[in-house]
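Visitor: Before I ask anything, let me first share the structure, which is written out below as structure tokens.
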Amino acid sequence: MTDNIFKNILLALAILFTLAFCTIVLPPLLSNPDIIGAFSAGFVNPYATGYSLDVFFCWAILAVWVIYEAKNLGVKHGWSCLLLGIVPGVAVGFAFYLILRNGQVKQSPKT
């Protein structure tokens, strides 16, 4: 897969998630701007709690990886992807980190 196709797929998925997130989350948040209540609603039952914990741990793993690659490979500006991992979500932060990293880390493709 060429780099441009890879980047376009990641960007499309990040945009799709952002649109879905905004469509689902923003209307109730605007009608009742209780951010703490909205945050705690992710833990209303064991299933929602499992998904919420998965998101938090995925963000933590991404944070460790961003810090590791910043120190060892010199990847810059990964912190901005961690902010995107908070809002709108880890799917967007991770996708943008892969795009950012792809432009900074030189790898030879498999032949």
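The values are calculated or read from the model by the stated rules, or taken from the named source; none is laboratory data. Everything numeric in this text was worked out from a predicted model, so none of it was measured. With ideal geometry, Cβ positions are generated from the backbone for all residues, glycine too; neighbour counts draw on all protein chains shown.
Visitor: Quick one: count up the residues across the stretch 1-49 that are over 14 Å from the mean Cα position of the chain (by Cα) and within 30 Å of Gln107 (Cα to Cα).
Guide: 9
Visitor: Being among the polar types (S, T, N, Q) and either touching a Lys or Arg at 6+ places or on another chain (Cβ under 8 Å) or more than 24 Å from Cys22 (Cβ to Cβ) (or both) is the filter here; which residues of the stretch 46-86 pass it?
Guide: Of everything in the stretch 46-86, just one residue is among the polar types (S, T, N, Q) and either touching a Lys or Arg at 6+ places or on another chain (Cβ under 8 Å) or more than 24 Å from Cys22 (Cβ to Cβ) (or both), namely Asn72.
Visitor: Collect the residues in the stretch 12-54 that are touching a Phe, Trp or Tyr at 6+ places or on another chain (Cβ under 8 Å) and among the hydrophobic types (A, V, I, L, M, F, W, C), keeping them in residue-number order.
Guide: Ala14
Visitor: List the number of the failed condition for Thr111; all other conditions in (1) β-branched (Val, Ile, Thr); (2) at pLDDT below 95; (3) over 23 Å from Ile5 (Cα atoms) hold.
Guide: (3)
Visitor: Can you tell me which residue is surrounded by the fewest Cβ atoms within 10 Å (Cβ to Cβ) among those in the stretch 63-89 that are closer than 24 Å to Thr2 by Cα and aliphatic (A, V, I, L, M)?
Guide: Only one residue fits best here, namely Leu73.
Visitor: Would you be able to tell me the number of residues in the stretch 51-62 that are over 12 Å from the mean Cα position of the chain (by Cα) and either surrounded by 12 or more Cβ atoms within 10 Å (Cβ to Cβ) or among the aromatic types (Phe, Trp, Tyr) (or both)?
Guide: Here is the first cut: in the stretch 51-62, the residues over 12 Å from the mean Cα position of the chain (by Cα) are 51-54.
So of that shortlist, the ones also either surrounded by 12 or more Cβ atoms within 10 Å (Cβ to Cβ) or among the aromatic types (Phe, Trp, Tyr) (or both) come out as 51-53.
Total meeting the criteria: 3.
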